[in-house]
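The values are calculated or read from the model by the stated rules, or taken from the named source; none is laboratory data. Computed from a predicted structure; not experimentally measured. Glycine gets a Cβ as well: all are built from the backbone with ideal geometry, and neighbour counts include every protein chain shown.
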Amino acid sequence: MRSIKFFIPILSLFIVFTACKKDDVAPFNPGANQDLVITIQEQYVNPPSRVSVFFKVETREGVPVAGLTEDNFKIYEQGRNDDEEKLLSEDETTRLLADNGQLFEYRTMLVLDLSGSVLNNSLPELKEAANAFVDDVFANNSNTSNNVGIWWFDGRDLIHPLINFTDNAEALHTALNNITPSISDDSSTDLFGAVIKSAALAENKLIEAQNQGILSAFSIIMFTDGTDQAARYSREEAYAAVNNASEGINFYTIGLGAEIDETVLNKVGKTSSVFADDTAALTETFEEVAGLIADEANAYYLFEYCTPKRDGSGLNDLHIVANRDGKEGRKITSFDATGFTNDCDLD
């Protein structure tokens with residue numbers, strides 16, 4: 001994900017805190033297990049003493065870690081007068097795991113195969129499954145602004161917008177329920193073209209968000225019940241579109257029935273791919289992917305605290321430690337306290 005600069009206003013409510021006492025400090029443990037990986041997306045400071053770090057937490061295997069709370073994090077500082085890293089006491093340092101919806105937007109793009117085989121054989125089950133997917137994505141959303149958009153493809157050389165990105169679940173349900181067997185006039189399947197065009201749309205949306213000063217990430221979920229029939233694009237072109245996509249774009253695939261090519265869908269769905277043997281299992285499969293999307297979107301955290309460092313202390317080291325169920329990860333960064341004068345407000 002590209003780093004971008006942005007500004008967040010500071011409200012006026014005043015919160016008092018004092019610097020850590022010597023009895024409250026503990027040394028930073030550089031030998032701790034690194035089972036969790038913290039990746040900083042952006043960081044910034046605001047006077048009078050506010051430090052903000054926006055980051056993602058994953059396992060060492062790349063699985064997103066959602067649902068962490070303030071209790072899962074410890075912060076250490078080391079300034080020029082500190083011989084070692086000092087733990088900042090939770091009781092004496094105002095801190096907040098903030099709603100990151102003010103600076104971060106997660107977009108979920110559902111791309112549906114509406115070729116002849118789907119429209120004639122599994123449309124009611126697909127609509128039911130997609131509606132359940134929408135409900136689950138929003139139900140599992142916690143600290144992230146998640147917008148869902150739906151596109152579809154058939155045999156033509158384009159992806160058709162069903163409904164643009166929105167956080168209105170009712171509007172998404174209406175769009176899905178209005179799909180009829182007559183929606184398409186080309187019964188072929190341009191799967192590879194849909195992959196290429198979906199990746200391009202996601203890239204454009206990331207650039208658009210960046211230009212607006214918003215951090216964003218993206219998930220593309222491709223559903224199909226078959227293989228590419230239009231042969232307009234090669235599988236190598238589709239693979240390249242996926243593999244060359246920005247780091248902030250995740251790719252999922254959902255395959256239905258016996259006519260799919262699991263090898264192709266596994267490569268296109270490089271983040272995750274799932275398969276349903278028949279229409280009876282389709283809703284469960286969509287709900288499984290919705291859970292994966294929710295974990296991915298909610299693995300981003302905005303951690304803010306009021307530092308005891310003041311103007312003149314210069315550049316200070318900051319250590320962030322995440323811990324859950326005995327698994328730990330740490331990230332070392334720094335901040336400049338120039339201009340810091342007194343306690344800050346995190347509301």
Assuming G62 fulfils every condition listed in (1) in the same structural domain as D135 (by TED's automatic domain parsing); (2) at positive phi apart from one, which condition is it? (1)
Name the strands (runs of 3 or more DSSP E) wholly inside the range 1-100 in which the number of residues that are at pLDDT 90 or above and surrounded by fewer than 16 Cβ atoms within 10 Å (Cβ to Cβ) is 1 or more. 36-46, 50-59
For the range 201-233 the number of residues that are small (G, A, S) and without any contact (Cβ under 8 Å) to a residue 24 or more places away in the chain is 1
Taking the criterion of being in a loop (DSSP other than H, G, I, E, B), in the same structural domain as D228 (by TED's automatic domain parsing) and charged (D, E, K, R), would at least one residue in the range 133-143 satisfy it? no
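Among the listed residues F104, F153, F133, identify the single one that is buried (at least 18 other Cβ atoms within 10 Å of the Cβ) and in contact with a His (Cβ under 8 Å, 6 or more places away or on another chain). Before you say what the answer is, go through the steps one by one.
Numbers: F104 fails: in contact with a His (Cβ under 8 Å, 6 or more places away or on another chain); F133 fails: in contact with a His (Cβ under 8 Å, 6 or more places away or on another chain).
Only one candidate qualifies: F153.
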Flagged pairs (Cβ under 7 angstrom, 6 or more apart or on separate chains; first in the range 239-262, more than 29 Å from N298 (Cβ to Cβ); second assigned to a loop (DSSP other than H, G, I, E, B) and small (G, A, S)) are E259/G226; I260/G226
Testing V111 on (1) in contact with a strand residue (DSSP E or B) (Cβ under 9 Å, 6 or more places away or on another chain); (2) assigned to a loop (DSSP other than H, G, I, E, B); (3) over 26 Å from L346 (Cα atoms), one condition comes back false. Which one is that? (2)
Is it true that A281 is part of a loop (DSSP other than H, G, I, E, B), assigned by TED's automatic domain parsing to the domain that holds L201 and hydrophobic (A, V, I, L, M, F, W, C)? no
Failed criterion for S313 (all others in (1) closer than 19 Å to L87 by Cβ; (2) under 21 Å from the mean Cα position of the chain (by Cα); (3) not in a strand (DSSP E or B) hold): (2)
Could you check the range 282-339 and list, in sequence order, the residues that are aliphatic (A, V, I, L, M), surrounded by 18 or more Cβ atoms within 10 Å (Cβ to Cβ) and under 26 Å from G248 (Cβ atoms)? V289, A290, L292, I293, A294, A297, A299, L302, L318, I320, V321, A322
